[in-house]
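Notes follow once the structure below has been shown.
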Amino acid sequence: MRPEDVGFSASNLVLGKHSGRHALRDRVEQLGCQLTDAEFEKLFEDFKVLADKKKEIYDADINALIEDRAQQMPALWEIESLHISTATGALPTAAVSIKNADGQRYQEAACGDGPIDALFKAIQRVTGSSLALKSYEVRSVTVGEDAMGEVAVEVEQAGYTHRGVFTSTDIIEASARAFLQVVNRIALKKPLAEERAAVANAKGV
């Protein structure tokens, strides 16, 4: 895993085997992640296991642990359905239905330079995201007519690079879910960033 895959510009040595809860929580917050007490305790357990195996713990290691736990947490946004329309001489369009964590459903449609561009624009309209697509890659991970395809998307937001990956026999679906991974990851970090900005403004910083 590269640090830039999950939004960091460099790997910094931060913690070791004897680091405690306070040091880990401070570093997690510095990395822009907000966890409940229960979520943090599970992360700390994972951290101690990793620390027994590795002498030096880097930012990318901590973020990898957070991402592993995040896969087990309810997503802020979840795709329910999507529809792509494209034909020679016609403008590609995409329509999506997305549900938030409260169970509310939202539908949006968008046009784009291609079906994937239209799809990503529709997702951003629903979620209120503003992301710059930097890289889009598709590769086959199995063989045969029903081969699994892996889609990797790399986007930039507020100076940070984020990466999402999803595998499916349906490349369109994989594209949507990989992109939404990034949207969810950024959304999870947003509340803490807003809280810090509010504190800074109150102090006149």
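The values are calculated or read from the model by the stated rules, or taken from the named source; none is laboratory data. Bear in mind the structure is a predicted one, so any value in this text is a computation, not a measurement. Here Cβ is always computed from backbone atoms with ideal geometry, including for glycine, and neighbour counts include all displayed protein chains.
Given the options Leu15, Leu24, name the one that is modelled with pLDDT of 75 or more, part of a helix (DSSP H, G or I) and touching a strand residue (DSSP E or B) at 6+ places or on another chain (Cβ under 7 Å). Step by step, each of Leu15, Leu24 is checked, and only Leu24 is modelled with pLDDT of 75 or more, part of a helix (DSSP H, G or I) and touching a strand residue (DSSP E or B) at 6+ places or on another chain (Cβ under 7 Å).
Matching residues to (1) assigned to a helix (DSSP H, G or I); (2) free of Cβ contacts under 8 Å to residues at least 12 places away in the same chain:
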| residue | (1), (2) |
| --- | --- |
| Gly89 | no, yes |
| Val96 | no, no |
| Glu108 | no, no |
| Ile116 | yes, no |
| Phe120 | yes, no |
| Arg125 | yes, no |
| Glu137 | no, no |
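For region 163-183, a residue qualifies if it is assigned to a helix (DSSP H, G or I) and either aliphatic (A, V, I, L, M) or at pLDDT 90 or above (or both), and the qualifying residues are Ile171, Ile172, Glu173, Ala174, Ser175, Ala176, Arg177, Ala178, Phe179, Leu180, Val182, Val183. Count of region 139-162 residues, restricted to those that are at pLDDT below 85 and either of a type in the set (Val, Ile, Thr) or assigned to a helix (DSSP H, G or I) (or both), is 4.
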